[in-house]
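Take a look at the structure below.
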């Protein structure tokens with residue numbers, strides 16, 4: 001059922017993209033920039049996580065990584081061209097901060113605030129997910145031992161590669177969810193019905209559990225409902241940032257036990273999140289001095 005719905009969604013995206021291209025609609029520069037970022041993340045991530053050996057197969061591995069990057073870039077470009085004109089017409093507030101970011105306005109206070117909202121939501125989503133897994137006895141998901149070694153023998157290349165792939169793993173579902181929401185809205189002509197149908201079907205991804213436990217399913221549907229609410233309250237940028245942060249925290253589990261072998265990675269990831277959060281908070285102030293404003297109010 002999930003594969004059938006995903007295939008139907010891809011067909012719908014192709015039809016919408018063809019129609020928008022024919023009528024010269026859409027922000028093509030933003031689509032190109034997002035596609036380049038997605039392609040670069042995928043190619044660089046795969047190249048950095050490979051074990052390179054100077055053999056005849058190395059060229060094939062490199063071309064394979066580049067091919068995957070080109071595929072991701074093409075898919076993102078197609079989805080963006082299909083979605084952006086309709087989303088901008090139906091829900092204009094959803095893409096405001098997102099368009100500003102793609103236009104290169106990284107010091108825009110609105111962009112910074114929405115990134116902070118997304119980061120906080122991503123942490124909350126991951127706490128919900130891990131709590132549900134502990135409840136049913138599921139293990140923490142880990143992709144590779146080399147991903148936990150940011151200062152390993154390869155100079156941290158594997159860690160950076162897995163981080164890029166994890167970030168892309170948060171961006172792609174965001175685009176996919178938005179595509180499904182739009183297609184359901186166009187079919188049902190009612191946003192509430194479209195959102196309810198999307199939560200009930202869960203066509204793109206589901207709880208990572210081996211059984212049919214009720215709690216993980218409810219947790220996943222709760223998180224998906226909150227994610228949809230974030231789109232209409234704060235915009236697509238916050239919703240995408242939430243999935244990126246949640247995915248990063250899932251791929252690089254944190255610990256406060258410094259005796260564990262992956263403790264350095266936990267500290268590194270925590271430091272990275274704190275630095276980015278502080279930087280975004282400073283930008284969100286819009287040049288205002290926080291302490292002086294508080295003193296003036298008192």
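Condition (residue is modelled with pLDDT under 90 and over 20 Å from residue 243 (Cβ atoms)) applied to the range 119-135: is it met by at least one residue? Checked against the condition, which is being modelled with pLDDT under 90 and over 20 Å from residue 243 (Cβ atoms), the range 119-135 yields at least one hit. In the range 275-298, the residues that are at negative phi and surrounded by 10 or more Cβ atoms within 10 Å (Cβ to Cβ) reach residues that are modelled with pLDDT of 55 or more and not in a helix (DSSP H, G or I) with C-beta atoms within less than 6 angstrom, at least six apart or across chains, in these pairs: 283/107. Note on the range 187-211: residues that are under 20 Å from residue 133 (Cβ atoms) and at pLDDT 85 or above amount to 0. Only a single criterion out of (1) touching a residue at least 40 places away in the same chain (Cβ under 8 Å); (2) buried (at least 18 other Cβ atoms within 10 Å of the Cβ); (3) in a helix (DSSP H, G or I) is not satisfied by residue 39, namely (1).
Condition first: touching a residue at least 24 places away in the same chain (Cβ under 8 Å) and under 21 Å from the mean Cα position of the chain (by Cα). Can you find one or more residues in the range 48-56 that meet it? Yes. Apart from one condition, residue 34 fits all of (1) farther than 15 Å from residue 175 by Cα; (2) crowded, with 18+ Cβ neighbours inside 10 Å; (3) within 19 Å of the chain's Cα centre (by Cα); the exception is (1).
Is the range 103-116 home to any residue that is within 24 Å of residue 19 (Cβ to Cβ) and part of a loop (DSSP other than H, G, I, E, B)? Taking every residue of the range 103-116 in turn, none turns out to be within 24 Å of residue 19 (Cβ to Cβ) and part of a loop (DSSP other than H, G, I, E, B). Looking at this structure, is residue 86 over 20 Å from the mean Cα position of the chain (by Cα), under 30 Å from residue 233 (Cα atoms) and surrounded by 18 or more Cβ atoms within 10 Å (Cβ to Cβ)? When the stated conditions are applied, residue 86 passes them.
The values are calculated or read from the model by the stated rules, or taken from the named source; none is laboratory data. In this text, all values refer to a predicted model and were calculated from it rather than measured experimentally. Neighbour counts run over all protein chains shown; Cβ positions are idealised from the backbone, glycine included.
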